[in-house]
Amino acid sequence: MNKILILALSSLFAAPALASPTTYDIEPSHTYPRFSYNHLGYSTQLSRFNKTSGTVVLDSEARTGSVDIRIDMTSVDTGSTVFDEHIQGPDFLDTKQFPVATFKSRGVKFDGDKPVEVDGVLTIKGIAKPVTLKVTSFQRKFHPMLKRDAIGANATATIKRSEFNAGKHAPFVGDEVTLDIAVEANAP
């Protein structure tokens, strides 16, 4: 009887189990920041960056998380080698001086156990600006091929390229740039 009473009392005073955050490593073959802008009123041009790395830390139960992303700006892919080189020049991305852009979160807003916004700082060409990414889809589940926990999301934001010292030809070539990010990341 005493053993049962001791077990019952100890369970009352035991600290509740806390979910621990999981760190997910960005999957570079399924993570592509894309950007689009208006080109002289004729069309919306779509391009992307082919090399991205970083981590996402997520604790859905505690509703906390963080994002730390590095984008290799020399991996810009416009669909034209000539234009890739042009856009890497000093008037736009200036990749010789600033080969990497970063996004570091300052906070994550949740709806239930899913992130819906990520507030952070985007740094391009050494210029840091606050940016809020709207998460348009999010999934966390067991990866059937890798046999481990994985996450995937899509997020979007709009920035002004002139605020990052990349505004040549604005307003003829649109100053507003829409960022669309497809990201997948895996737990260890």
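The values are calculated or read from the model by the stated rules, or taken from the named source; none is laboratory data. Only a predicted model underlies this, so the values are computations on that prediction, with no experimental measurement involved. Cβ sites come from the backbone with ideal geometry, for glycine too, and all protein chains shown count toward neighbours.
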Item to check | Hits in segment 145-163 - residues which are under 19 Å from Gln45 (Cα atoms) and either without any contact (Cβ under 8 Å) to a residue 12 or more places away in the chain or surrounded by 17 or more Cβ atoms within 10 Å (Cβ to Cβ) (or both) | outcome: Ala155, Ala157, Ile159, Arg161
Checklist entry - Are there any pairs with C-beta distances below 8 angstrom linking a residue in segment 36-61 that is within 14 Å of Thr23 (Cα to Cα) and without any contact (Cβ under 8 Å) to a residue 60 or more places away in the chain to a residue that is exposed (fewer than 15 other Cβ atoms within 10 Å of the Cβ) and hydrophobic (A, V, I, L, M, F, W, C), with the two at least 6 apart or on different chains, and if so which? => result Asp59/Ala19
Checklist entry - Picking from Ser43, Ser105, which residue would you name as being among the hydroxyl-bearing types (Ser, Thr, Tyr) and surrounded by 18 or more Cβ atoms within 10 Å (Cβ to Cβ)? => result Ser105
Item to check | Matching option when the condition is over 19 Å from Val183 (Cα atoms) and either buried (at least 18 other Cβ atoms within 10 Å of the Cβ) or free of Cβ contacts under 8 Å to residues at least 24 places away in the same chain (or both), among Val135, Val67, Val82 | outcome: Val82
Checklist entry - What number goes with the only condition from (1) at pLDDT below 95; (2) within 22 Å of the chain's Cα centre (by Cα); (3) more than 26 Å from Arg140 (Cα to Cα) that Ala62 does not pass? => result (3)
Next on the checklist: Which of the numbered conditions does Lys168 fail, given that it passes all the others? Conditions: (1) more than 21 Å from Lys51 (Cα to Cα); (2) in a strand (DSSP E or B); (3) in contact with a Phe, Trp or Tyr (Cβ under 8 Å, 6 or more places away or on another chain); (4) of a type outside the set (Gly, Ala, Ser).
Outcome noted: (2)
Checklist outcome for this item: Per the filter on segment 38-53, residues of a type in the set (Lys, Arg) and part of a loop (DSSP other than H, G, I, E, B) are Lys51
